[in-house]
Amino acid sequence: MRRLADELPEEADAIHIPDRPEEAQPALWHELYWTAWDAIRFDRPYGAFGGEMPLSYLAVSQYARDHDIAGDAFRIFMRLMSAIDAEWLAYSAEKAKQEKKK
């Protein structure tokens, strides 16, 4: 939102940018996981009716291999990528449910 407001200064007053709670402040190490998830988030199977399924092990492991993430670091990487993706899937399912009600 901040980037959008910076790109459209005339409309910036109409763009509500909520303050981040203190506990939601990103740490530098978070960037690795968000960058990875953003790069592979569409490398997932989709159901016949468009439902998203979890990221495949193949997509996550290939990204890790491409970026020299191995051993214990890979196990941590896989867990955190799965956690991020699970939150995304929960958000997407809730959003789809709300849209159906409209």
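Scanning the stretch 65-102 for residues that are in a loop (DSSP other than H, G, I, E, B) and either among the basic types (Lys, Arg) or exposed (fewer than 10 other Cβ atoms within 10 Å of the Cβ) (or both) gives Asp68, Gly71, Lys102.
Just to be sure before I move on: is Ala48 of a type outside the set (Phe, Trp, Tyr) and part of a loop (DSSP other than H, G, I, E, B) in the structure I sent? So Ala48 fits the description; yes.
Going by the conditions given, is Ser82 small (Gly, Ala, Ser) and under 11 Å from the mean Cα position of the chain (by Cα)? Criteria met by Ser82.
Among the numbered conditions (1) outside any loop (DSSP other than H, G, I, E, B); (2) in contact (Cβ under 8 Å) with a residue 24 or more places away in the chain, the only one that Gln62 does not meet is (2).
For the stretch 7-20, state whether one or more residues are among the small types (Gly, Ala, Ser), at pLDDT below 80 and over 18 Å from the mean Cα position of the chain (by Cα). If you could, list the steps in order and put the result at the bottom.
Quick first cut of the stretch 7-20, residues among the small types (Gly, Ala, Ser) only: 12, 14.
Retained after the next criterion (residues that are at pLDDT below 80): 12, 14.
Keeping just the survivors that are over 18 Å from the mean Cα position of the chain (by Cα) gives 12, 14.
For the stretch 7-20, residues among the small types (Gly, Ala, Ser), at pLDDT below 80 and over 18 Å from the mean Cα position of the chain (by Cα): present.
The values are calculated or read from the model by the stated rules, or taken from the named source; none is laboratory data. In this text, all values refer to a predicted model and were calculated from it rather than measured experimentally. Neighbour counts run over all protein chains shown; Cβ positions are idealised from the backbone, glycine included.
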